[in-house]
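The values are calculated or read from the model by the stated rules, or taken from the named source; none is laboratory data. What you see is a predicted model, and the numbers here were worked out from it, not measured in a lab. Because the Cβ atoms are built from the backbone with ideal geometry, glycine has one as well, and the counts that use them run over all protein chains shown. Ligands, DNA and RNA are excluded from the accessible area calculation, which covers all protein heavy atoms including side chains. Shrake-Rupley method; radii C 1.70, N 1.55, O 1.52, S 1.80 Å.
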Amino acid sequence: MAMTERKRIVMIAHDNRKHDMLDWARANYSVLRHHELHATGTTGGLIADDLGLNVHRFLSGPLGGDQQVGAALAEGRLDIVIFFWDPLEPQPHDVDVKALLRIAVVCNSPIACNRATADFLLTSPLLGEGYEPALSPGDLAPPEREIVNVGVGVR
């Protein structure tokens, strides 16, 4: 699905990363204010309250917010994911986190899981332009997918 110049950006941060997300959002206020912002529960509240930006809030991640974000990605209602997750801390909703990461890849959605990648996404010249992502395997039904032999012998 084509992206317009005004991107629909969703921000998600695990508890140990919420301060990092808020710092990042403050540093990128001048860019973020020109886009449609979404976030999971607490993260969205922090950003909206601190920066005075309008943020559509999904449920909190453990209460279904990660699944809501995944559904919105699959339906083409979001363009970019900024997800500061904590790989060193077990999460009670790990299966939802993995599902969200998987659907972002299947849908060929730009996703940043750390500040450096988020900085690269927000400073990309493509951010302010329309963009048509290439088709990904997730866009095709299984029978339509082409299986490419990469030289690995079948046994």
Item checked: Output for region 1-21, where each listed residue is more than 24 Å from Pro133 (Cβ to Cβ) and part of a loop (DSSP other than H, G, I, E, B) -> His14
Item checked: Number of positions in region 95-105 that are open to solvent by less than 60 Å² (accessible area, probe 1.4 Å) and out of contact with any strand residue (DSSP E or B) (no Cβ under 9 Å at 6 or more places or on another chain) -> 3
Check: Which residues, counting only those in region 1-41, are open to solvent by 70 Å² or more (accessible area, probe 1.4 Å) and at pLDDT below 95?
Finding: Met1, Thr4, Glu5, Asp15, Asn16
Notebook entry, point to check: For region 46-55, what are the residues that are surrounded by 14 or more Cβ atoms within 10 Å (Cβ to Cβ) and over 16 Å from Val69 (Cα atoms)?
Noted result: Leu46, Ile47, Ala48, Leu51, Leu53
Check: Residues in region 28-52 that are within 21 Å of Asp119 (Cβ to Cβ), out of contact with any strand residue (DSSP E or B) (no Cβ under 6 Å at 6 or more places or on another chain) and not β-branched (Val, Ile, Thr): how many?
Finding: 9
Notebook entry, point to check: What pairs can you find where one residue is in region 22-44 and over 21 Å from Glu129 (Cβ atoms), the other is open to solvent by 20 Å² or more (accessible area, probe 1.4 Å) and among the acidic types (Asp, Glu), and their Cβ atoms are less than 9 Å apart, with a gap of 6+ or different chains?
Noted result: Leu22/Asp50; Trp24/Asp119; Ala25/Asp50; Arg26/Asp50; Ala27/Asp119; Thr42/Asp15
